[in-house]
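Accompanying notes for the structure given below.
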């Protein structure tokens, strides 16, 4: 079945860039997503990328996709304390009914002042 | 505009009781999903509704779990004879014609 893997934890200093990595196994993945979850809250969609793209930039966020290696990354420029949260990588596929999401385990990002 | 809403936000129930969790999707969104977030299993897909089509129930963990969506809008997830392993945050998401799923705040279920 599909599998999405992420590292568990990332610590970064305020003002530095954060890079969160994700790998996936499903070669038919169509869309890849990044969601943010703050304590006690639901999932906030940050950005997503179609599998035929290799990069997408949205303000402080840059998504890089290496389809050959099935590797996805999210770079957050000028990281702020408000960026402290858990970040989930997810994939969906036309194969899966309704494009249901398969999530990674989440990366907890801690931003230190 | 209004996002996805879920109620209750927290639910504590005794083992063996039935619970109902409610989701109000974003108006006009035809697709609705339920996911479960637990410490042991992470985020898992449970069930998917699209318009008037038969739901995709492939993620439901047991026959104690069921869901319905009335009038193509509000959905209710029902868990019968709750067990302690059902304790989790139940998340609802909705989607329009694109590929972006928008999530509600979740219902935290605790089975004692």
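Report, by residue number, each residue of segment A:21-37 that is away from chain B (no Cβ under 11 Å) and either modelled with pLDDT of 95 or more or in a loop (DSSP other than H, G, I, E, B) (or both). Matches in segment A:21-37: A:21, A:22, A:23, A:25, A:26, A:27, A:28, A:34.
Every condition in (1) assigned to a strand (DSSP E or B); (2) without any contact (Cβ under 8 Å) to a residue 40 or more places away in the chain; (3) surrounded by fewer than 20 Cβ atoms within 10 Å (Cβ to Cβ) is met by residue A:40 except one, and the failing one is (1).
A quick yes/no check of all residues on (1) surrounded by 14 or more Cβ atoms within 10 Å (Cβ to Cβ); (2) closer than 21 Å to residue B:105 by Cβ; (3) touching a helix residue (DSSP H, G or I) at 6+ places or on another chain (Cβ under 7 Å):
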{"site": "B:18", "(1), (2), (3)": "no, no, no"}
{"site": "B:22", "(1), (2), (3)": "yes, yes, no"}
{"site": "B:55", "(1), (2), (3)": "yes, no, no"}
{"site": "B:62", "(1), (2), (3)": "no, no, no"}
{"site": "B:67", "(1), (2), (3)": "yes, yes, no"}
{"site": "B:72", "(1), (2), (3)": "yes, no, no"}
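Just one of the listed residues (A:11, A:18) is surrounded by 19 or more Cβ atoms within 10 Å (Cβ to Cβ), more than 14 Å from every other protein chain (Cβ to nearest Cβ) and more than 28 Å from residue B:5 (Cβ to Cβ), and it is A:18. Answer yes if at least one residue in segment B:51-59 is at pLDDT 95 or above and either more than 9 Å from chain A (Cβ to nearest Cβ) or assigned to a strand (DSSP E or B) (or both), and no otherwise. No - not one qualifying residue is present in segment B:51-59. Annotation note: of A:67, A:112, the sole residue that is out of contact with any strand residue (DSSP E or B) (no Cβ under 6 Å at 6 or more places or on another chain) and either more than 30 Å from residue B:109 (Cβ to Cβ) or surrounded by 13 or more Cβ atoms within 10 Å (Cβ to Cβ) (or both) is A:67.
Looking at residue A:76, is it within 14 Å of chain B (Cβ to nearest Cβ) and free of Cβ contacts under 8 Å to residues at least 60 places away in the same chain? So residue A:76 does not fit the description; no.
The values are calculated or read from the model by the stated rules, or taken from the named source; none is laboratory data. Remember, it's a predicted structure, so these values are computed and weren't measured experimentally. Using ideal geometry, Cβ is built from the backbone for each residue, glycine included, and neighbour counts are taken over all protein chains shown.
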